[in-house]
Amino acid sequence: MTVFTQDSAAAPAVEQTADTWEALRGACTRMVPHWAVPAGPAVAPVPPSRIHGVTVPAASARLLDGMSEYGD
């Protein structure tokens with residue numbers, strides 16, 4: 001996570017890197033109110049047999065195929 005601050009003595013922004021898990025967790029904790037999900041009815045999952053007509057562009061398929069988590 002990168003945070004940019006403006007130093008009053010210098011014109012360009014100074015980069016400060018938060019490279020610890022504690023800093024990341026703190027940033028996420030501060031953002032939680034912005035991620036609130038409105039209450040609503042739970043949506044039941046759709047069975048794979050009802051999914052029709054999904055197309056994936058060839059470039060996207062090649063990209064995913066090259067990722068070790070998905071294809072390679």
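The values are calculated or read from the model by the stated rules, or taken from the named source; none is laboratory data. Not measured: the values here are computed from a predicted model. The accessibility values were calculated without ligands, DNA or RNA, using every heavy atom of the protein model including side chains. Shrake-Rupley method; radii C 1.70, N 1.55, O 1.52, S 1.80 Å.
Scanning region 42-71 for residues being open to solvent by 90 Å² or more (accessible area, probe 1.4 Å) and not in a loop (DSSP other than H, G, I, E, B) gives a total of 6.
Filtered by the rule that a residue be at pLDDT 85 or above and of a type outside the set (A, V, I, L, M), region 54-72 gives Thr55, Pro57, Ser60, Arg62. Scanning region 30-41 for residues that are outside any helix (DSSP H, G or I) and either open to solvent by less than 100 Å² (accessible area, probe 1.4 Å) or at pLDDT 90 or above (or both) yields Ala36, Gly40.
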